[in-house]
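This report refers to the structure that appears directly beneath it.
The values are calculated or read from the model by the stated rules, or taken from the named source; none is laboratory data. Because the structure is predicted, anything quoted here is derived from the model rather than measured. Methodologically, a virtual Cβ is constructed for each residue, glycine included, from the backbone with ideal geometry; neighbour enumeration extends over all protein chains shown.
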Amino acid sequence: MRLQGKVIMITGAGSGIGKCSAQLFAREGATVIVNDVDKAKGEETVTEIIEAGGEATFLYADVTNAESAKAMVEAALEKYGKIDVLFNNAGISGVGALHEVEPDAWDRVMNVNIRGVYLPSKYVLPSMMASKSGVIINMSSCVAEIGLARRASYAATKGAVLALTKSMQVDYASYGIRVNALLPGTIFTPFVENYLKNSYDDPEAAIASIKKRQLSGELGRPEDVAQAALFLASDESKFMMGSPLYIDGGAVFG
Ligand code: NAD
């Protein structure tokens, strides 16, 4: 078991990559704090983990809301006394070239994808600094590095998360804290399914063109990213600091 004894908080773990990571981490011996703004989906993840013999608890928070994020971290620390790993996974999509994006939609994507990394980290970091150890995994995307059509707001947030990861790593290295980023390509989750449905008249043709762009010729699966997250969460990656980890089927070369 690669995560025995670790307490791990995952934001947005009611669906997709977060849910899959929560299940994998629990199988590897972690106690998982499942967060989501969608209570029903978050609780479902927890029930599935417990039924499979793992340990998990649901904590509601909207990661864009300071009071909510702070209360979640306080509740977790009160219950478990520590958070070894924070996986900032919650995120939403943003579609459109810059001139097509309405200001409210722009702000919403910035809030969830950037503020939603800042707030949980802000409230978890003091306990990690006190214990002189900890791991933070930030969810970026390969769009941080490649230009994709009509993803202006989303790409801006994922580039920001990558820059923030590096900056955080420099600030907290002396406290024994590692901060790394995941850069997935297109992974087939509800997030991508909805994006394809809402953005294309012919989602099947869109999937075919995405497959062509990834050298693998396939979309990724949540498990592919969860395995990379497991590596970053475990001590096996102890020499990785401030690094971008690509799980993109070669999309950056496509
Ligand atoms: P998903 O939609 O399946 O899951 C995201 C979860 O985050 C949902 O359960 C949602 O309720 C939750 N969430 C949204 N806003 C929240 C908030 N304010 N507070 C708490 N929880 C909130 O998405 P996914 O595909 O699993 O994506 C997870 C992360 O991976 C996102 O950050 C996304 O940008 C990133 N990512 C996904 C892909 C992909 O192709 N699926 C590629 C690169 C990066």
Q.
Restricting to segment 17-30, count the residues that are crowded, with 24+ Cβ neighbours inside 10 Å, of a type outside the set (Lys, Arg) and in contact with a Ser or Thr (Cβ under 8 Å, 6 or more places away or on another chain).
A. 3
Q.
Could you go through segment 63-82 and let me know if any residue there is farther than 28 Å from Ser153 by Cα and either in contact with an Asp or Glu (Cβ under 6 Å, 6 or more places away or on another chain) or assigned to a loop (DSSP other than H, G, I, E, B) (or both).
A. yes
Q: Among the candidates Phe87, Phe58, single out the residue that is outside any helix (DSSP H, G or I) and over 28 Å from Gly185 (Cβ atoms).
A: Phe58
Q | Residue list for segment 120-153, filter: surrounded by fewer than 23 Cβ atoms within 10 Å (Cβ to Cβ), in contact (Cβ under 8 Å) with a residue 60 or more places away in the chain and assigned to a helix (DSSP H, G or I) | A | Ala144
Q: Find all pairs meeting these conditions: Cβ atoms under 8 angstrom apart; at least six residues apart or on different chains; first residue within segment 95-117 and within 12 Å of the ligand (Cβ to nearest atom); second residue among the aromatic types (Phe, Trp, Tyr).
A: Val109/Tyr154; Asn113/Tyr154
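Here is a yes/no grid of residues against (1) of a type outside the set (Lys, Arg); (2) within 13 Å of Ile83 (Cβ to Cβ); (3) in contact with a helix residue (DSSP H, G or I) (Cβ under 8 Å, 6 or more places away or on another chain):
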{"residue": "Ala105", "(1), (2), (3)": "yes, no, yes"}
{"residue": "Asn111", "(1), (2), (3)": "yes, no, no"}
{"residue": "Ile114", "(1), (2), (3)": "yes, no, yes"}
{"residue": "Leu119", "(1), (2), (3)": "yes, no, yes"}
{"residue": "Val124", "(1), (2), (3)": "yes, yes, yes"}
{"residue": "Met129", "(1), (2), (3)": "yes, yes, yes"}
{"residue": "Lys132", "(1), (2), (3)": "no, no, yes"}
{"residue": "Asn138", "(1), (2), (3)": "yes, no, yes"}
{"residue": "Cys142", "(1), (2), (3)": "yes, no, yes"}
Q: Have a look at Ser141, Ser133 and point out the one that is among the small types (Gly, Ala, Ser), modelled with pLDDT of 95 or more and within 16 Å of the ligand (Cβ to nearest atom).
A: Ser141
Q. So which residues in segment 224-254 are within 12 Å of the ligand (Cβ to nearest atom) and either exposed (fewer than 14 other Cβ atoms within 10 Å of the Cβ) or part of a loop (DSSP other than H, G, I, E, B) (or both), if there are any at all?
A. Asp248, Gly249
Q: Filter segment 1-28 for residues that are more than 9 Å from the ligand (Cβ to nearest atom), among the small types (Gly, Ala, Ser) and over 15 Å from Ala229 (Cβ atoms) and give the result.
A: Gly5
Q.
When you scan segment 173-192, do you find a residue that is in a helix (DSSP H, G or I), more than 29 Å from Val32 (Cβ to Cβ), within 13 Å of the ligand (Cβ to nearest atom) and of a type outside the set (A, V, I, L, M), even just one?
A. no
Q: Confirm whether Tyr195 is in a strand (DSSP E or B), farther than 15 Å from Phe87 by Cα and within 15 Å of the ligand (Cβ to nearest atom).
A: no
